[in-house]
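Novice: Please read through the structure below; I'll follow up with questions.
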Amino acid sequence: MTATTATQRRLRTEIPGPASRALQERRAAVVAAGVSSVLPVYVTSAEGGLLTDADGNVLIDFGSGIAVTNVGHAAPAVVDRVREQAGRFTHTCFMVTPYEGYVEVCEALDKLTPGTHEKRSVLFNSGAEAVENAVKIARAATGRQAVVVFDHAYHGRTNLTMALTAKSIPYKHGFGPFAPEVYRVPGSYPYRDGLSGPEAARIAIDRIEKQIGGDQVAAVVLEPVQGEGGFIEPAPGFLPALSRWCTENGVVFVADEVQTGFCRTGEWFASTHEEVVPDLIATAKGIAGGLPLAAVTGRAELLDAVPPGGLGGTYGGNPIACAAALGSIEIMRQENLAASAKRIENTVLPRLRALAEETGVIGDVRGRGAMLAAEFVKPGTTEPDADLTKRVAQACHQAGVVVLTCGTYGNVVRLLPPLSLSTELLEEGLSVLDHAVRTEASK
């Protein structure tokens, strides 16, 4: 199957069409019911910011595979490097016979991640793996066990990362017992708590010191902008205050930048917005243009505290995924995708804010770069309106625009377009969203 040559949204059938519905029937007979899909259209090709399905419909992608295809679908530099690497070898296991690509990715992470200190990296397959290994590293380096996380956090689906994640359904319900020595404290949710960053940080730190004890904490793990929890951007000063407290108390400050990393928020990493330098940073998603790759990068003394053999995995840093990452990073640099993310922000936020003012059903518009959100509420209140959120998303899907929802209350529409998306397609997708909100809000 070759990449689509479509250049604009096009609907040939209803969504989903007959070919996708037939595939859905086949799926129901063989795929576990626990695996859900936002939109049951079956993609046959994709290019840039467009998806072509089995019925020939072309959809604008405002999801990027959940912030993965930052460089766009089928980006040539990624495809070329993957093709060349696959022709040489597909796997040896870096823990058995290593290869240069793994080293090159770690060299790139050394230069790109915040801070000028000496760093080390280790590569994995998924964001959950990266976060879980960051906790392992912190525990090994500090000799402590307690891990602090925050309300509304999402960190993954493994046993430990489910414990770190706040929301029960669908991520945790029925899957316990969970890993011990995980403690949850309030974060910063400006729309709902009304607190300044330093005020929110003082509450969190007070809770840590009173209920756990700073000298017992191995790591504080947080997302610089919370993802699944609702694209919650903490109030200014929250992250720096927590980072300072960690330094003063010998606690490892872990930034989960799985969703925020690689130019998504208008900087290479979201921590940079407030000049926060994490001790460890977990990355995945946008690193490799769609191939499974993740990393933990951080202070050399922390990663080197784990003895040989203590970190790794059969597929971690797979050579094809490493090749894709090098191609993806090349595109981000050459095309200045951090600046492109800011272009997207400057286009989207004014339109969402105008829509909020005119309709009265959007309580908050927030985000940075190409990680943007609208929180839907019942008019005149802050009461979450999950039903309207669902209807708006479905209306967008029916019109050929892929949007995602999120949030502890299920009332946030999030926009994660490829950073390379043209302004024309961005504007067209926003017009579809605008129409969906106005139409559904009037019902």
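Novice: Which of the following residues is in contact with an Asp or Glu (Cβ under 7 Å, 6 or more places away or on another chain), more than 28 Å from ARG366 (Cα to Cα) and surrounded by fewer than 23 Cβ atoms within 10 Å (Cβ to Cβ): LEU302, LEU291, LEU311?
Specialist: Matching residue, one of LEU302, LEU291, LEU311: LEU302.
Novice: For the structure I just gave you, tell me whether GLY237 is at positive phi, free of Cβ contacts under 8 Å to residues at least 60 places away in the same chain and out of contact with any helix residue (DSSP H, G or I) (no Cβ under 9 Å at 6 or more places or on another chain).
Specialist: When the stated conditions are applied, GLY237 does not pass them.
Novice: Please specify each residue of the range 367-378 satisfying the condition of being surrounded by fewer than 24 Cβ atoms within 10 Å (Cβ to Cβ) and more than 21 Å from PRO236 (Cβ to Cβ).
Specialist: If the condition is that a residue be surrounded by fewer than 24 Cβ atoms within 10 Å (Cβ to Cβ) and more than 21 Å from PRO236 (Cβ to Cβ), then VAL377, LYS378 are the ones that fit.
Novice: Then there is this: Looking at the range 1-60 only, could you name the residues that are surrounded by fewer than 15 Cβ atoms within 10 Å (Cβ to Cβ), basic (Lys, Arg) and closer than 15 Å to VAL401 by Cβ?
Specialist: Hit for the range 1-60 is ARG10, nothing else.
Novice: Now for a separate question. Test THR347 against the criterion of being outside the structural domain of ALA218 (by TED's automatic domain parsing) and modelled with pLDDT of 95 or more, and give yes or no.
Specialist: Considered against the rule, which asks whether it is outside the structural domain of ALA218 (by TED's automatic domain parsing) and modelled with pLDDT of 95 or more, THR347 comes out as yes.
Novice: Turning to a different aspect of this structure: Can you tell me which residue within the range 194-212, out of those that are in contact (Cβ under 8 Å) with a residue 12 or more places away in the chain and in a loop (DSSP other than H, G, I, E, B), is nearest to ALA141 (Cα to Cα)?
Specialist: Top of the filtered list is ILE212.
Novice: Would you please list the contacts, defined by Cβ atoms under 9 Å and residues six or more apart or on different chains, that run from a residue in the range 283-311 that is closer than 24 Å to SER64 by Cα to a residue that is part of a helix (DSSP H, G or I) and hydroxyl-bearing (Ser, Thr, Tyr)?
Specialist: LYS285/SER64; GLY286/SER64; GLY286/SER328; ILE287/SER328; ALA288/SER328; GLY289/SER328; GLY290/SER328; LEU291/SER328
Novice: What single numbered condition from (1) out of contact with any strand residue (DSSP E or B) (no Cβ under 8 Å at 6 or more places or on another chain); (2) in a loop (DSSP other than H, G, I, E, B); (3) not basic (Lys, Arg) fails to hold for GLU228?
Specialist: It is condition (1) that GLU228 fails.
For every residue, the table says whether it meets (1) outside any helix (DSSP H, G or I); (2) of a type in the set (Val, Ile, Thr); (3) in the same structural domain as LYS136 (by TED's automatic domain parsing); (4) surrounded by fewer than 24 Cβ atoms within 10 Å (Cβ to Cβ).
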residue: ALA241; (1), (2), (3), (4): no, no, yes, yes
residue: ARG244; (1), (2), (3), (4): no, no, yes, yes
residue: VAL254; (1), (2), (3), (4): yes, yes, yes, no
residue: THR265; (1), (2), (3), (4): yes, yes, yes, no
residue: TRP268; (1), (2), (3), (4): yes, no, yes, yes
residue: ALA295; (1), (2), (3), (4): yes, no, yes, no
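Novice: When you check GLU275 against the structure, is it surrounded by fewer than 22 Cβ atoms within 10 Å (Cβ to Cβ), touching a residue at least 12 places away in the same chain (Cβ under 8 Å), in the same structural domain as PHE89 (by TED's automatic domain parsing) and on the phi > 0 side of the Ramachandran plot, yes or no?
Specialist: yes
Novice: I would also like to ask the following. Criterion first (small (Gly, Ala, Ser), surrounded by fewer than 22 Cβ atoms within 10 Å (Cβ to Cβ) and closer than 30 Å to ALA201 by Cβ) does ALA134 satisfy it?
Specialist: Spelling it out, it is not the case that ALA134 is small (Gly, Ala, Ser), surrounded by fewer than 22 Cβ atoms within 10 Å (Cβ to Cβ) and closer than 30 Å to ALA201 by Cβ.
Novice: A follow-up question, please. From the list THR381, THR359, THR405, THR439, exactly one residue is more than 20 Å from the chain's Cα centre (by Cα), surrounded by fewer than 21 Cβ atoms within 10 Å (Cβ to Cβ) and within 30 Å of ARG12 (Cβ to Cβ). Which is it?
Specialist: So the residue among THR381, THR359, THR405, THR439 that is more than 20 Å from the chain's Cα centre (by Cα), surrounded by fewer than 21 Cβ atoms within 10 Å (Cβ to Cβ) and within 30 Å of ARG12 (Cβ to Cβ) is THR439.
Novice: Of all the residues that make up the range 34-82, how many are of a type in the set (Ser, Thr, Tyr), outside any strand (DSSP E or B) and farther than 26 Å from ASN318 by Cα?
Specialist: Final tally of qualifying residues: 3.
Novice: Another one. Considering only residues that are assigned to a loop (DSSP other than H, G, I, E, B) and crowded, with 24+ Cβ neighbours inside 10 Å, which ones fall in the range 314-341?
Specialist: Scanning the range 314-341 gives GLY316, GLY317, ASN318.
Novice: Please find, among ALA374, ALA370, the residue that is at pLDDT 95 or above, under 30 Å from GLU84 (Cβ atoms), outside the structural domain of VAL103 (by TED's automatic domain parsing) and touching a Leu at 6+ places or on another chain (Cβ under 6 Å).
Specialist: Being at pLDDT 95 or above, under 30 Å from GLU84 (Cβ atoms), outside the structural domain of VAL103 (by TED's automatic domain parsing) and touching a Leu at 6+ places or on another chain (Cβ under 6 Å) holds for just one of ALA374, ALA370, which is ALA370.
Novice: In addition: Within the range 46-56, is even one residue closer than 26 Å to GLY230 by Cβ and either touching a residue at least 24 places away in the same chain (Cβ under 8 Å) or in contact with a strand residue (DSSP E or B) (Cβ under 9 Å, 6 or more places away or on another chain) (or both)?
Specialist: Yes: one or more hits.
Novice: A further question follows. Please enumerate the residues belonging to the range 376-418 that are β-branched (Val, Ile, Thr), in a strand (DSSP E or B) and touching a Cys at 6+ places or on another chain (Cβ under 7 Å).
Specialist: VAL412, the sole residue that qualifies.
Novice: Can you tell me which of GLY317, GLY266 is farther than 23 Å from VAL365 by Cβ and of a type in the set (Gly, Ala, Ser)?
Specialist: Unique residue meeting the criteria: GLY317.
The values are calculated or read from the model by the stated rules, or taken from the named source; none is laboratory data. Nothing here was measured: the structure is a model prediction, and the numbers come from that model. Ideal geometry is used to build each Cβ from the backbone, glycine not excepted, and the neighbour counts take in all protein chains shown.
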